[in-house]
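To start, the structure under review is shown below, and the notes come after it.
The values are calculated or read from the model by the stated rules, or taken from the named source; none is laboratory data. These numbers come from a predicted model, not from an experiment. Note that we place each Cβ from the backbone using ideal geometry, even for glycine, and neighbour counts take in every protein chain shown.
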Amino acid sequence: MHPMLTTAVKAARRAAGIINRASQDIDALTVKHKNHNDYVTEVDRAAEQAIIDVLLTAYPNHAILAEESGAQGSSEYQWVIDPLDGTTNFLHGFPQYCVSIALLHKGQLNQAVVYDPSRNDLFTASRGQGAYLNERRIRVSNRLKLADSLIGTGFPYRDFSHLDAYMAMFRDMLQKTSGVRRPGSAALDLAYVAAGRLDGFWEIGLNKWDIAAGCLLIQEAGGLVGDFNGDDSYIDTGNVVAGNPKIFAQLLQTLAPHLTTALK
Ligand code: IPD
Ligand code: CA
Ligand code: CA
Ligand code: CA
């Protein structure tokens, strides 16, 4: 394993320990509202700090972008961290959440870890080296038709500016796929696409820390990721479409009629 990936795994496991301990007594947590439907707890913050400590101890000069504490440092290496992706699920004891850590080198995705502490699923990838689930190589699914596919998504839940476009997409997807799921952790949804558990995924307006690690997992598992035009701007816009290559193309086609100018 690449030494930087080994460090990222160590950091993710450290955070998972904090999350697992806290999950034993969720009612004891202090929950703060950042915005409407946007929560943060001391677990998010403690997990994030633990990750940053591990990473900066190994690589003191690297830069960080983390959900709860923002950006620090400047370097050609930047770690992008979501310490707890799926906070709402976590707060309800709904076991679908994860730790997500990615390393960008000169802006390019280089290492990725997505760790689901409830199932002990560790997804990892290094650029050019394939993607793994608990040390077994994973590949995207080989399903050919959207009609046979299980598709993941994320509902708008705090920014409703694209709600009409989203609902039109959703309506169409319900009729053209074999099923649509909203598990509630975008990073884990993307890891599931990499592992072939989902055939595809789409969501509007995610953040860099939700998607960085998952996107490398998918690419290293033979899948495709793009914005609604199939282009690379997804990492900045957070408008993400992903899937095995066949389903990716069919998702883009299905979503296209519903795109407003803001989403193009
Ligand atoms: C959220 C989850 C969710 C997605 C949201 C994200 P958080 O992350 O990934 O699936 O729909 O847009 O904000 O806030 O729980 O880390
Ligand atoms: Ca959050
Ligand atoms: Ca997140
Ligand atoms: Ca989070």
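Being part of a strand (DSSP E or B), among the acidic types (Asp, Glu), out of contact with any strand residue (DSSP E or B) (no Cβ under 6 Å at 6 or more places or on another chain) and more than 22 Å from Asn134 (Cα to Cα), is that true of even one residue in the range 35-43?
So far as the range 35-43 goes, yes, one or more of its residues are part of a strand (DSSP E or B), among the acidic types (Asp, Glu), out of contact with any strand residue (DSSP E or B) (no Cβ under 6 Å at 6 or more places or on another chain) and more than 22 Å from Asn134 (Cα to Cα).
With (1) polar (S, T, N, Q); (2) over 26 Å from Trp202 (Cα atoms); (3) touching a helix residue (DSSP H, G or I) at 6+ places or on another chain (Cβ under 8 Å) as the list, and Gln111 as the residue in question, which single condition is left unmet?
Failing condition for Gln111: (2).
I want to confirm something. Restricting to the range 76-101 and keeping residues that are within 18 Å of Pro3 (Cα to Cα) and more than 14 Å from ligand 1 (Cβ to nearest atom), which single residue is farthest from the chain's Cα centre (by Cα)?
In this case the residue turns out to be Glu76.
If Pro60 satisfies all but one of (1) in contact with a Gly (Cβ under 8 Å, 6 or more places away or on another chain); (2) of a type outside the set (Lys, Arg); (3) more than 16 Å from ligand 2 (Cβ to nearest atom), what's the number of the condition it fails?
Going through the list (1) in contact with a Gly (Cβ under 8 Å, 6 or more places away or on another chain); (2) of a type outside the set (Lys, Arg); (3) more than 16 Å from ligand 2 (Cβ to nearest atom), Pro60 breaks only (1).
What is the number of the single condition among (1) touching a strand residue (DSSP E or B) at 6+ places or on another chain (Cβ under 6 Å); (2) farther than 21 Å from Tyr59 by Cβ that Val80 does not meet?
(2)
So that you can scan it fast, the table gives a plain yes or no per residue for (1) polar (S, T, N, Q); (2) closer than 22 Å to Asp232 by Cα; (3) modelled with pLDDT under 95:
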| site | (1), (2), (3) |
| --- | --- |
| Asn61 | yes, no, no |
| Ala66 | no, yes, no |
| Leu104 | no, yes, no |
| Val113 | no, yes, no |
| Asp121 | no, no, no |
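Taking the condition of being among the polar types (S, T, N, Q) and in contact with a helix residue (DSSP H, G or I) (Cβ under 7 Å, 6 or more places away or on another chain), how many residues in the range 42-81 meet it?
Of the residues in the range 42-81, 1 are among the polar types (S, T, N, Q) and in contact with a helix residue (DSSP H, G or I) (Cβ under 7 Å, 6 or more places away or on another chain).
Starting from residues that are over 21 Å from the mean Cα position of the chain (by Cα) and part of a helix (DSSP H, G or I), keep the ones in the range 1-22 and report whichever is nearest to Gln78 (Cα to Cα).
Pro3
If only one of Phe248, Phe160, Phe201, Phe170 is at pLDDT below 95 and not assigned by TED's automatic domain parsing to the domain that holds Leu109, which one is it?
Phe160
Go through (1) crowded, with 21+ Cβ neighbours inside 10 Å; (2) acidic (Asp, Glu); (3) part of a loop (DSSP other than H, G, I, E, B) and name the single condition Asp210 misses.
Result: Asp210 passes all but (3).
Looking only at the range 183-203, filter to residues that are surrounded by fewer than 24 Cβ atoms within 10 Å (Cβ to Cβ) and more than 16 Å from ligand 2 (Cβ to nearest atom); which one of those is nearest to Val113 (Cα to Cα)?
Checking each candidate, the answer is Ala195.
Listed here are the residues, each with its yes/no results for (1) more than 16 Å from Ala8 (Cα to Cα); (2) outside any strand (DSSP E or B); (3) within 16 Å of ligand 4 (Cβ to nearest atom); (4) among the aromatic types (Phe, Trp, Tyr).
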site	(1), (2), (3), (4)
Trp79	no, no, yes, yes
Asn89	yes, yes, yes, no
Val99	no, no, yes, no
Ser118	yes, yes, yes, no
Leu122	no, no, no, no
